[in-house]
Amino acid sequence: MKAREGSDQDTVDKWEVQLRKGCLELAILAALWDGKLYGLEILRRLESDSDLIVSEGTVYPLLSRLKALGLVRSEWVESDAGHPRKYYALTPAGRQRSREMAAMWSRFSASMSRLLAPLTREK
Amino acid sequence: MTTAGNAQQKMEAYLGRLRQLLRGMNPEDAREVIEELRSHIREKASAGGECTAAGVDAALTALGTPEDLASQYTTDDLLARAEVSRSPVRILQSLFRWASLSVAGFVVLLTSIIGYFLGGALLWCAVLKVVHPRTAGLWVFPNGADTEISLRLGFGNPPAGGRELLGWWIVPAGLVVGCGMVILTTRFALWCARQYRKSLALPRG
């Protein structure tokens, strides 16, 4: 019991990490909504537009899973930098899935906000 | 020149190790993974113009160890494949690869082998009961304090000193419990892969 009290902050931190992880797939699909991007651009977009602290080693395997699921497709494009880049774009199935996930997210976050309103008003 | 050569060497050593660990993946996919990461490392390492050894070091650290990275590709591959086919053979194939990369994968592989084996044995027993009605089934052998229970497929003569427990009930029971174990094992393996994947997904904090 004592050990539990001591690790309260720890529990909150872990919960936050879990929460962020759950959003990663949707965040990547959302980053691709406006057009094709390559891996590093997706990482930069996630860094600048959200405070999802993403480890780089996670995004690439996840992209290849999304591709295996048919939600994104990829193509190699030559660049001025001297090496080709692998660009990702949403497939029609990926656009459909992102829209559904976004709608679900909005409903969920709206109802959570209503529920949490009294907690955030205090202080 | 030496720093550029050094940087190049470090990157190739990392990618070479990763290529080794991805053996078993579809070769075309593995080649694409390596090319994509090479492109990523080069671009990150040469942010200030020249590709430096320090830049390559930082890029490699950010990617994590080749083992962690390969584990993530392997578990993601498993999860993606499982959406298409839940065949135990394909799941075990991926688990073998995962087991070669991490202790967690090894434990999941062992548990899954036991689960599939028991499930398969029950299914076989149910089917073979029809062929060997007198000998197949769940048998008990009273042997003092340690009574032995054994699932017999019914090849050979009826065992001496044993008593059959379920009779024909082994057919429905074997089919239901056997199928259940196979399904549960698949779900367990996928659940572990998902949990493991999540645990590696973000750095702590």
When every residue in the stretch B:19-31 that is surrounded by fewer than 17 Cβ atoms within 10 Å (Cβ to Cβ) and within 11 Å of another protein chain (Cβ to nearest Cβ) is compared, the one farthest from the chain's Cα centre (by Cα) is B:ASP29
Review point. Within the stretch A:53-64, is even one residue assigned to a loop (DSSP other than H, G, I, E, B) and surrounded by fewer than 16 Cβ atoms within 10 Å (Cβ to Cβ)?
Key: yes
Of B:GLY162, B:GLY156, B:GLY167, the only residue that is surrounded by fewer than 19 Cβ atoms within 10 Å (Cβ to Cβ), at positive phi and free of Cβ contacts under 8 Å to residues at least 24 places away in the same chain is B:GLY156
Of the residues in the stretch A:70-123 that are of a type in the set (Lys, Arg) and part of a helix (DSSP H, G or I), the one that is surrounded by the most Cβ atoms within 10 Å (Cβ to Cβ) is A:ARG97
If I filter the stretch B:97-108 for residues that are out of contact with any Lys or Arg (no Cβ under 7 Å at 6 or more places or on another chain), closer than 21 Å to A:LEU66 by Cα and at pLDDT below 90, do I get at least one hit? yes
Wholly inside the stretch B:42-116, helices (runs of 4 or more DSSP H) that include 1 or more residues that are surrounded by fewer than 17 Cβ atoms within 10 Å (Cβ to Cβ) and within 12 Å of chain A (Cβ to nearest Cβ) are B:53-63, B:66-84
With the first residue restricted to the stretch A:26-41 and required to be within 12 Å of chain B (Cβ to nearest Cβ) and assigned to a helix (DSSP H, G or I), and the second required to be hydroxyl-bearing (Ser, Thr, Tyr) and surrounded by fewer than 16 Cβ atoms within 10 Å (Cβ to Cβ), Cβ contacts under 8 Å at 6 or more apart or on different chains are A:ALA27/A:SER50
Looking across the stretch B:125-149 at residues that are surrounded by 12 or more Cβ atoms within 10 Å (Cβ to Cβ) and aliphatic (A, V, I, L, M), the single one that is farthest from the chain's Cα centre (by Cα) is B:VAL140
Taking the stretch B:146-169 and keeping only residues that are hydrophobic (A, V, I, L, M, F, W, C) and modelled with pLDDT under 85, one is left with B:ILE149, B:PHE155, B:ALA160, B:LEU165, B:LEU166
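The values are calculated or read from the model by the stated rules, or taken from the named source; none is laboratory data. Everything numeric in this text was worked out from a predicted model, so none of it was measured. Neighbour counts are summed over all protein chains in view; Cβ atoms, including those assigned to glycine, are modelled from backbone coordinates with ideal geometry.
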